[in-house]
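Report on the following structure.
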Amino acid sequence: MATQLKKGTFEICLLALLSNKDSYGYELVGQLNEIIEVKESTIYLILQRLERSKQLESYVTVVEGTAKARKYYRITQSGKVYYEMLLSEWDNLEKLIQKCIQKGAQND
């Protein structure tokens, strides 16, 4: 899949993963890599951007039995509204692309 197309979808994917459960960056990367190949650095940049724009917030928790701290992300109310807007835009885009594909098939 083209790099630009993938990058445009990662934001929706991250918000989807965080819509029901808080998670930390490495876990999110692992979940995404089960579906589509993604670079860790790309995901962390998107997480930072979403946090700066108040779509996500983060908190730090110490992992039980260790001294290791882990940064968790959670979707904000604003992030939920933004996610719903992105889903609507995605749905509209999908319909437009399907129309183009169908029109192209008719021209064959």
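The values are calculated or read from the model by the stated rules, or taken from the named source; none is laboratory data. All values reported here derive from a predicted model rather than from experimental measurement. As a convention, Cβ positions derive from the backbone with ideal geometry for all residues, glycine included, and neighbour counts pool all protein chains shown. Keep in mind that these areas ignore ligands, DNA and RNA; they rest on the heavy atoms of the full protein, side chains included. Shrake-Rupley method; radii C 1.70, N 1.55, O 1.52, S 1.80 Å.
General remarks:
- Cβ-derived FRET efficiency at R0 41 Å, residue 103 paired with residue 26, nearest 0.05: 0.40
- Rolled with a 1.4 Å probe across the full set of protein chains, the surface gives residue 75 an accessible area near 20 Å².
- Per-pair calculated FRET efficiency, R0 = 30 Å: residue 9 and residue 69 via Cβ, rounded to 0.05: 0.50
- Taking the protein heavy atoms of the chain in the context of the full set of protein chains, the accessible area attributed to carbon and sulfur is 54 percent at 1.4 Å.
- Estimated dipole of the chain in Debye, rounded to 20 [Cβ of Lys and Arg +1, of Asp and Glu -1, Cα centre]: 260 debye
- Comparing 63, 38, 29 in a Gaussian network model of the chain (Cα springs below 10 Å), the most mobile by mean-square fluctuation is 63.
- Surface per residue (accessible, 1.4 Å probe) for the stretch 1-92, Å²: 65 Å²
- Checking the cross-link pairs 54/95; 54/80; 21/71 against a 20 Å limit on the alpha carbon distance flags 54/95 as lying beyond it.
- What the Cβ-Cβ distance of residue 33 and residue 54 gives, at R0 = 25 Å and to the nearest 0.05, is a FRET efficiency of 0.40.
- Accessible-area value, residue 97, 1.4 Å probe, nucleic acids and ligands omitted, Å²: 80 Å²
- In summary, the aspartates and glutamates within cross-link reach of residue 39, defined as a Cα separation below 14 angstrom excluding same-chain residues under 8 places away, comprise 11, 27.
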